[in-house]
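Down below is the structure, laid out as structure tokens.
The values are calculated or read from the model by the stated rules, or taken from the named source; none is laboratory data. What you see is a predicted model, and the numbers here were worked out from it, not measured in a lab. Methodologically, a virtual Cβ is constructed for each residue, glycine included, from the backbone with ideal geometry; neighbour enumeration extends over all protein chains shown. Side chains included, ligands, DNA and RNA excluded: accessible areas come from the protein's heavy atoms. Shrake-Rupley method; radii C 1.70, N 1.55, O 1.52, S 1.80 Å.
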Amino acid sequence: MNTSQLPVTGFISLRQILGHAQSETPALIPVSRTTWWRGVKNGRYPQGIKISERRTAWRAEDIQCLLNSFK
């Protein structure tokens, strides 16, 4: 998924953000899961929304804003 395929609204999973080799999903933000969660904790990356006990998703708007800040 490249940034042009990013939904305007809705939620994005961590696999969509960081990529997933088995499903050949390229990374929007090429960092490890550990680095991502550390960045969420210290405020570098946006907080996710808990959608179930073991599942977190991020607002598409927040990820788009983050990607724009890298440019």
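Got a number for carbon plus sulfur as a percent of the chain's accessible area, 1.4 Å probe? That fraction is 50 percent.
Work out the FRET efficiency for Ala27 and Lys50 from their Cβ-Cβ distance, taking R0 = 30 Å, and round it to the nearest 0.05. Write out the running numbers ahead of the final one.
Numbers: r = 23 Å, r/R0 = 0.75.
Here the calculated transfer efficiency is 0.85.
Label positions at Glu61 and Arg15, each projected 7 Å from the Cα along the C-beta direction, are separated by 2.7 nm. Remark on the chain: hydrodynamic radius 12.4 angstrom, per the Kirkwood mean of 1/r across alpha carbon pairs.
Summing Cβ point charges (Lys, Arg +1; Asp, Glu -1) relative to the Cα centre of the chain gives a dipole of roughly 280 debye.
Which loop trypsin sites (Lys or Arg not before Pro) in the range 33-67, with loop taken from DSSP, have no more than 16 other Cβ atoms within 10 angstrom of their Cβ?
On the way: sites: Arg33, Arg38, Lys41, Arg44, Lys50, Arg54, Arg55, Arg59; in loops: Arg44, Arg54.
Within the range 33-67, the qualifying trypsin sites (Lys or Arg not before Pro) (loop, at most 16 other Cβ atoms within 10 Å) are Arg44, Arg54.
Taking Lys and Arg as +1 and Asp and Glu as -1, the other residues whose beta-carbon sits under 14 Å from that of Ala27 total +1.
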